[in-house]
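The values are calculated or read from the model by the stated rules, or taken from the named source; none is laboratory data. All values derive from a computational prediction rather than experimental measurement. All Cβ positions, even for glycine, are placed from backbone atoms using ideal geometry, and neighbour counts span all protein chains on display.
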Amino acid sequence: MQKGMHTDTERCVRAVQSKDARFDGWFFTAVVTTGIYCRPSCPVVPPKPENMRFHPSAAACQQAGFRACKRCRPDTSPGSPEWNQRADLVARAMRLIADGVVDREGVPGLAARLGYSTRQIERQLLAELGAGPLALARAQRAQAARLLIETTPLAMADIAFAAGFASIRTFNDTVREVYALAPTDLRTRAAPRSTPVTSGSSGPPGVSANTAGALTLRLPFRAPLNPDNLFGHLAATAVPGVEEWRDGAYRRTLRLPYGHGIVSLTPRPDHIACRLILSDLRDLTVAISRCRRMLDLDADPAAIDDQLRTDPLLAPLVDKAPGRRVPRTVDEAEFAVRAVLGQQVSTAAARTHAARLVTAHGEQVEDTEGGLTHLFPAPGALASVDPESLAMPRSRRTTFTTLVRQLADGDVRLGPDSDWPQTRDRLLALPGFGPWTVDVIAMRALGDPDAFLPTDLGIRRAAQELGLPSTPAALTARAAAWRPWRAYAVQYLWATDSHPINFLPV
């Protein structure tokens, strides 16, 4: 079991007294004299230390009888970096809860995906987070409800349904308990606000409906964030019809549990501006969770960069452009397919291969605001592709068809619940899968922050230019000092090149 920061009382008190926003999402402060809980950076006068109690999650605060602060809105802070840098049971469970699995499949469904009993999962989540899966999912539903109440004109019954509540009564009771206001009072109180509020990954962010079917919101992050390689990579590798760079925004289609969506993401100095169009509002929480994960917004750049700066050859790269994130994905299976299509070919050729598959096998969508036309084909649709129709060497056709068949059958599972070592082993067993392909999938699809690519041509060129060892074995040995953040070191090394992936599109 991991020991959370909330157990270090002295450190937590210092963070609260200094209003340090870097710790928002790491822990929550409950104030026994007022009955409210806050984020560490709450702007009010800090309470006396003897009146503070520290909890690892908003759900734990709610379980203990505290209600959310109306001033600092603690449920809108960035999510804990813990869940994206670990692969143990608790981290995998938290990623699945954020992806809405408990709401859709219940705790038994969560347990089945993780391969543990419901009792084991309840016990471990309670021990580390102070709340079980139902309480954590309930806190997420409450956050979704508040945001829809405050920022859309939807009827309360529609909001209850969209937020995942089983009944209007449960919706009303939960909102009153968590926010100490009835839903209608919450809407009335929020009416004077004219700008979207901010939110984090444990629930959907603040939204405002400005046209029919569209939601506009702000995605927070821990500063600094360097958008160059993040959006540069997504734009340079964008598959026509599925992704595009338009008017300063990265746009793409989303395949979601209840329908589909289109998202536009624009980098701003203190947040990511996000515009969502969803075919079913029940997908709001999941859509935001996946977009945050794709942009790596819950990373802790201070911890990552401090570790990488200990290498004197990496330090100048970090100091020049700190806060690089790992560009990830909203669909793990899609990325694995695209990784195979990109084996030993240029970025342009990989996009061409993917675009052909999208046109032939993707589901069509309507985009009134841009040029998106399709969802990326699901593994089941790709499993029926005639290998002879693929313009690639026969050996890579075999790699492609084997992968999509195993993804469609569930023999290879890629998702928030993936066990990273086990998934690596299964991928390595597939024909045509070598260390580079497996590691790039681990880095960008599974989200392993320590994935490393010592055989990558761009990495070897950067190593030679910087005076690092250039052979894979020697470079891997040198990179041991960068652990557990080698995937971020990859971003800094790639950035030494002039490839379009390293530059924010104009």
(message) Checking the condition more than 26 Å from the chain's Cα centre (by Cα) and farther than 21 Å from residue 340 by Cβ, which residue from 471, 455 passes?
(response) 471
(message) For a quick check of your reading of the model, give me the residue pairs whose first member lies in region 470-487 and is closer than 18 Å to residue 322 by Cβ, whose second is modelled with pLDDT under 95 and surrounded by fewer than 18 Cβ atoms within 10 Å (Cβ to Cβ), with beta-carbon atoms closer than 9 Å and at least 6 apart or on different chains.
(response) 485/303
(request) With the condition kept exactly as written, say whether any residue in region 66-88 is surrounded by fewer than 20 Cβ atoms within 10 Å (Cβ to Cβ), more than 24 Å from residue 165 (Cα to Cα) and without any contact (Cβ under 8 Å) to a residue 40 or more places away in the chain. (result) yes
(request) Take residue 298 and decide whether it is more than 30 Å from residue 164 (Cβ to Cβ), of a type in the set (Asp, Glu) and surrounded by 18 or more Cβ atoms within 10 Å (Cβ to Cβ). (result) no
(request) Starting from residues that are surrounded by fewer than 22 Cβ atoms within 10 Å (Cβ to Cβ) and among the acidic types (Asp, Glu), keep the ones in region 244-295 and report whichever is nearest to residue 354 (Cα to Cα). (result) 244
(request) Consider residue 364 carefully, then state whether it is of a type in the set (S, T, N, Q), touching a His at 6+ places or on another chain (Cβ under 7 Å) and closer than 25 Å to residue 245 by Cβ. (result) yes
(request) Determine if region 102-117 includes at least one residue that is surrounded by 19 or more Cβ atoms within 10 Å (Cβ to Cβ), acidic (Asp, Glu) and under 16 Å from the mean Cα position of the chain (by Cα). (result) no
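Conditions (1) touching a helix residue (DSSP H, G or I) at 6+ places or on another chain (Cβ under 8 Å); (2) of a type outside the set (A, V, I, L, M, F, W, C), marked per residue:
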residue: 224; (1), (2): yes, yes
residue: 229; (1), (2): yes, yes
residue: 232; (1), (2): yes, yes
residue: 238; (1), (2): yes, no
residue: 241; (1), (2): yes, yes
residue: 254; (1), (2): yes, no
residue: 291; (1), (2): no, no
residue: 295; (1), (2): yes, no
(request) Look through 444, 397 and report the one residue that is of a type in the set (Lys, Arg), assigned by TED's automatic domain parsing to the domain that holds residue 343, in a helix (DSSP H, G or I) and modelled with pLDDT of 95 or more. (result) 444
(request) Please specify each residue of region 496-506 satisfying the condition of being touching a residue at least 60 places away in the same chain (Cβ under 8 Å) and out of contact with any strand residue (DSSP E or B) (no Cβ under 7 Å at 6 or more places or on another chain). (result) 496, 499, 500, 501, 502, 503, 504
(request) Considering each of 135, 155, 127, 145 in turn, give the residue that is without any contact (Cβ under 8 Å) to a residue 40 or more places away in the chain and surrounded by fewer than 24 Cβ atoms within 10 Å (Cβ to Cβ). (result) 155
(request) For residue 378, state whether it is buried (at least 21 other Cβ atoms within 10 Å of the Cβ) and either closer than 29 Å to residue 304 by Cβ or modelled with pLDDT of 95 or more (or both). (result) no
(request) Keeping to region 28-61, report how many residues are surrounded by 14 or more Cβ atoms within 10 Å (Cβ to Cβ) and basic (Lys, Arg). (result) 2
